[in-house]
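Let me begin by presenting the structure, written as structure tokens, before commenting on it.
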Amino acid sequence: MPIHLYWGDDDFALMQAVERLRESVLDPSWASFNFDRILSDQQNSVIMGLNQAMTPPFGFGGRFVWLVDTSLFQQCPTDVYQELERTLSVIPDTTTLLLTGSNKPDGRLKSTTLLKKYIDKSKGELREFSRIKPWEIDKLEQHVKTLATERGVNLSPNGITLLAELVGNDTRQLYNELEKLKLFAGNSHQPLSLEQISLLVQANTQNSLKLATCIKAGQTSQALELITELLQHNEPGLKIVATLVSQFRTWLWIKLMMETGVRDKQEIAKTAEIGNPNRVFFLQKEVQTLTLNQLQHSLPLLLQLEADLKGGADERSTLQTHVIELCQLFQRK
């Protein structure tokens, strides 16, 4: 009775893992009888899932029960917890139970503790599928290297670096670009050249970071050009804003720490949620010419931009208007 818990905001990578797990459990001829996908908005979804998990499989293979986007490890009513406690210990060995969600499990909940206990006991897996931060270059390059090896795409170290720069943390795009590069390479065993990669792969995420840099420098025309380029490449406006918010938030924390006299890189990295403390030095240089007031006023403007987009405002004109306003903010010293 393996029990697995997958969580994180990298939906594509999570779904790939779900599909691999499903294929390892089900017999293709009996899959339609032994696969239960239960959505969180269904009434009594957890109870329904547990009941299905207790059902022996038909024919060959095992039974695969998937509770999609469940809130079990965020909130758990008493009656549901009692059913969990009663059922988890007696789920048949022929059943694989998978729970997925976008948010990190709340370790304070009894349901999370109970699930972790049975995940360990059943030799299941608790696995995170969160997006790598755009500035975590080493992790992005390792991610590219791993997936390129899996897909059989021969890349040189410089090719890996370039692809990580072009694609950023978008796993779905990385898969698609690797498939494209694999088709292009054909039966060749030579690493793809940088020119070939640049020609075939479109850049989105890193251009959002370049957009943040242009805004910070008050470069209005360059920023507007980048917005046009990103939208032409079908980059969602809300995703652009998410990258900007994350970058400006980091810059704000760094500047605030500098202004308050904090010098310890480890402390700064922890406060600003920066994985690599060595990056602090470079971030400090990036905000050296900025004022704390500018960075403090940038976040409300970005949050208003996010709210306008979520409210259905025209994507292109809204992004352009707010980016002009942000650039003007950083032109004033």
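The values are calculated or read from the model by the stated rules, or taken from the named source; none is laboratory data. None of these values were measured; they are calculated from a predicted model. Reconstructed Cβ throughout: ideal geometry from the backbone, glycine too, with neighbour counts over all protein chains shown. Just the protein is used for accessible areas: all its heavy atoms, side chains included, with ligands, DNA and RNA removed. Shrake-Rupley method; radii C 1.70, N 1.55, O 1.52, S 1.80 Å.
Values computed for the structure shown
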{"quantity": "Amide H contacts of SER156 (H built 1.01 Å from N, under 5 Å, at least 5 apart or other chain)", "calculated": "LEU192"}
{"quantity": "Share antiparallel - DSSP beta bridges, the chain, percent rounded to 5", "calculated": "5 percent"}
{"quantity": "Long-range amide H partners of GLU125 with built H, under 5 Å", "calculated": "ILE3, HIS4, LEU5"}
{"quantity": "Trypsin sites (Lys or Arg not before Pro) restricted to the range 230-298 and DSSP loop, no more than 13 other C-beta within 10 Å", "calculated": "ARG263"}
{"quantity": "DSSP-defined beta bridges in the range 1-155 - what % are antiparallel, rounded to 5", "calculated": "5 percent"}
{"quantity": "Angle in degrees between helix 11-25 and the longest Cα principal axis of the chain, rounded to the nearest 10", "calculated": "20 degrees"}
{"quantity": "Estimated [θ] at 222 nm from DSSP helical runs (n ≥ 4, -39500 (n - 2.57)) normalised by residues in the chain, nearest 500", "calculated": "-18500 deg cm²/dmol"}
{"quantity": "Per-residue HN-Hα couplings for the range 28-42 [Karplus 6.51, -1.76, 1.60; θ = phi - 60°; Hz; x = Gly/Pro]", "calculated": "x, 6, 10, 4, 5, 8, 10, 10, 10, 10, 10, 7, 5, 7, 6"}
{"quantity": "Relative contact order (%) - criterion: Cα under 8 Å, at least six apart; region: the chain", "calculated": "15 percent"}
{"quantity": "The chain, accessible area per residue, ligands and nucleic acids excluded (1.4 Å, Å²)", "calculated": "52 Å²"}
{"quantity": "Alpha-carbon centroid distance for the pair the range 207-265 / the range 294-333, whole angstrom", "calculated": "11 Å"}
{"quantity": "Surface accessible to a 1.4 Å probe, THR220 within the full protein complex, Å²", "calculated": "40 Å²"}
{"quantity": "Residue of PRO157, PRO77, PRO105 that the Gaussian network model of the chain assigns the largest fluctuation, springs spanning Cα pairs under 10 Å", "calculated": "PRO77"}
{"quantity": "Whole-Hz ³J(HN,Hα) from phi, Karplus 6.51 cos²θ - 1.76 cosθ + 1.60, for the range 256-271, glycine and proline x", "calculated": "5, 5, 5, 5, 8, x, 6, 10, 5, 5, 5, 5, 4, 4, 5, 5"}
{"quantity": "Förster radius 45 Å - calculated FRET efficiency between THR321 and HIS189 (Cβ-Cβ, nearest 0.05)", "calculated": "0.35"}
{"quantity": "0 to 90° range, to nearest 10: angle between helix 157-167 axis and the chain longest Cα axis", "calculated": "90 degrees"}
{"quantity": "Sequence of TYR6, TYR81 from largest to smallest accessible area, 1.4 Å probe", "calculated": "TYR81, TYR6"}
{"quantity": "Angle between the chain longest axis and helix 315-331 axis [Cα atoms, degrees, rounded to 10]", "calculated": "50 degrees"}
{"quantity": "Derived scalar couplings ³J(HN,Hα) [the range 67-73; Karplus, 6.51 cos²θ - 1.76 cosθ + 1.60; whole Hz; x for Gly, Pro]", "calculated": "8, 8, 6, 6, 9, 4, 9"}
{"quantity": "Proximal charge balance of PHE281 [Cβ under 12 Å; K/R count +1, D/E count -1]", "calculated": "+3"}
